[in-house]
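The values are calculated or read from the model by the stated rules, or taken from the named source; none is laboratory data. Just so you know, these numbers come straight off a predicted model, no measurement behind them. Reconstructed Cβ throughout: ideal geometry from the backbone, glycine too, with neighbour counts over all protein chains shown. Just the protein is used for accessible areas: all its heavy atoms, side chains included, with ligands, DNA and RNA removed. Shrake-Rupley method; radii C 1.70, N 1.55, O 1.52, S 1.80 Å.
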Amino acid sequence: MTLALQKAQLFEILSDPGNIASTYITDVKLQRDIWNIEQDLPLLREQAHIIGRKTINFQGITLDWLKDLLKLAALIAVGNRRWSLSRLQAIIGGVNKFSVWLVNQGYVTLSVLNDQVVQKWAESSTEVNKNAVLGFLSVLNELSCIQFKIQCSLQSNKQAKSPNIIPEEVKHKIDLALEQLDKPIYLIFKLHEALGTRSMELAKIPLDCLRKRKEVHRIRLCTGKQNDIEQEQDIPEELILLVHQQQAFVREQFGDTFPWLFPNWRTRRPGFSAKGWPPIFEYRQEQIRKVRGKLNQLLKSLIKENDIRTNDGKLAYVTTHMFRRTYATVADRMGKRPDLIQHGLRHTNPDMQDSYVYVSPQQQEKRIERVLVNKDGERTAIYSTDQDSEFIREEWTARQVELGLCTRSEIRFKECEYEYVCLGCEHIRFSQEHLPKLIEIKQTNQQLLDKCLENNQSDSRRANSARQFINILNPIIVSLQQ
């Protein structure tokens, strides 16, 4: 601790045995402004290796007491795995700008820091910096360093930004354009989209990643902020074949000892031209580094080369993090429960996914409460959804039934509305009236598959999806025709 902070009469609060900060305030790292990540923050070592960063620098923060508090908050938040490396960098940047503003306004002592001062700063700050400082102040509040309550969001007079999700018309064009890239890179983007992963988590998917639980395929993921915690998540059927192909590719290129599903790569333009497209990928026997920057640069080039525009004619802007926000928003609109969205996003904070879900003013007006019950019909929770989401959920349920998936409720007293007609039901009773519709669905998918084969897209997402539907329908149709 510096003399400035000890004189601020805060040392007594922080050194109290009941305060978690008491175990950190004597740490020698607090005396240094530059930290070596590998030695000083070993929990962030793997993330630092992936993004190619070696040090953390606090020198830009001009107020000594603010700098000390940030160092202390960093030790605690990183130690309990609350801040990732990217989050820590963002917070340092935001607090740096906050420090400059405080000095310019003449607020140079800890005693002047209150909610009015913070609100005044927020009115002229960007959303990114507000979010960063909010994360820092939240830790200070928990340490009893500040007495005022931190609001969930700092108000601003600026006009609200558009939702940070991928527009539907842009998403469809990107899906088609991604098929121009190498299969490993295509799969990275598709897993990113389907699983809502952090970019860093893609680099840590193990080679032996697929599991099958009760006939359901799942993929192993290491969470971006908890390096020692693995999680399994359902994986779409059409991506399983692509994962198997990627595993075979890695073993062929680097042998069985390489531990990751995706190797590192570098790109060059065809013929060493600056304008050629698509790029040529050269793979290296090492874990992916700077994965977020590489994927964002590929997205930027892909959008530009394919002239992907929004409905208003502007060139689309898409980043990898928008895949996560889109995943959360689509899941919410499909009526998915908040706890399941949290599990899918791998958030430790149950309220975190609320900032990832975009709800338009029109949708907010339609918001309704939905009651969750357990198998015995007892109420367990209430969460908000909307009328459109309920309609979409019911339509999706009907579509699942059509594809042979069982949607029977586990609630004991609730009857299954699709019993005896659901293609995946153990009580199924077929009749000839089903046959024309089943044949029609099979023919539609067969036509789609034939078109993909004609265009040399046998391994494309659409081709694999069509094969899946045909394989489900074939035995059912044969049984009805006999």
> What residue, among those in segment 290-320 that are without any contact (Cβ under 8 Å) to a residue 24 or more places away in the chain and open to solvent by less than 50 Å² (accessible area, probe 1.4 Å), is nearest to the chain's Cα centre (by Cα)?
Replying inline: Thr319
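Would you confirm whether or not segment 96-104 contains a residue that is over 30 Å from Gln287 (Cβ atoms), of a type in the set (Ser, Thr, Tyr) and not in a helix (DSSP H, G or I)?
Within segment 96-104, the first condition is being over 30 Å from Gln287 (Cβ atoms), and the residues that meet it are 96-104.
Then drop every residue that is not of a type in the set (Ser, Thr, Tyr), which leaves 99.
Subset that is not in a helix (DSSP H, G or I): none.
No, every residue in segment 96-104 fails to be over 30 Å from Gln287 (Cβ atoms), of a type in the set (Ser, Thr, Tyr) and not in a helix (DSSP H, G or I).
Could you count how many residues in segment 215-227 are over 18 Å from the mean Cα position of the chain (by Cα) and either at pLDDT 90 or above or in a loop (DSSP other than H, G, I, E, B) (or both)? Working first, answer last.
Kept after step one, since they are over 18 Å from the mean Cα position of the chain (by Cα), are these residues of segment 215-227: 215-217.
The next check asks that each one be either at pLDDT 90 or above or in a loop (DSSP other than H, G, I, E, B) (or both); those that pass are 215.
Residues that pass the stated criteria total 1.
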>> With the structure loaded, tell me whether Asn164 is within 22 Å of Leu302 (Cα to Cα), modelled with pLDDT under 85 and open to solvent by 50 Å² or more (accessible area, probe 1.4 Å) or whether it fails that test.
In response: yes
>> Scan segment 59-71 and tell me whether some residue there is modelled with pLDDT under 90, under 24 Å from Ser199 (Cβ atoms), among the hydroxyl-bearing types (Ser, Thr, Tyr) and touching a helix residue (DSSP H, G or I) at 6+ places or on another chain (Cβ under 9 Å).
In response: no
>> Report every pair of residues separated by at least 6 positions or lying on different chains whose Cβ atoms are under 7 Å apart, first residue within segment 85-98 and more than 8 Å from Val133 (Cα to Cα), second surrounded by fewer than 18 Cβ atoms within 10 Å (Cβ to Cβ) and small (Gly, Ala, Ser).
In response: Asn96/Gly60
> Out of segment 442-461, which residues are modelled with pLDDT of 80 or more and open to solvent by less than 50 Å² (accessible area, probe 1.4 Å)?
Replying inline: Asn445, Leu449, Cys452
> Restricting segment 240-289 to residues that are of a type in the set (S, T, N, Q) and assigned to a strand (DSSP E or B), which is nearest to Ala203 (Cα to Cα)?
Replying inline: Gln287
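Looking at segment 65-94 only, could you name the residues that are among the small types (Gly, Ala, Ser) and either surrounded by fewer than 21 Cβ atoms within 10 Å (Cβ to Cβ) or in a helix (DSSP H, G or I) (or both)? Reasoning before the result, please.
Filtering segment 65-94 for residues among the small types (Gly, Ala, Ser) gives 73-74, 77, 79, 84, 86, 90, 93-94.
Selection gives Ala73, Ala74, Ala77, Gly79, Ser86, Ala90, Gly93, Gly94.
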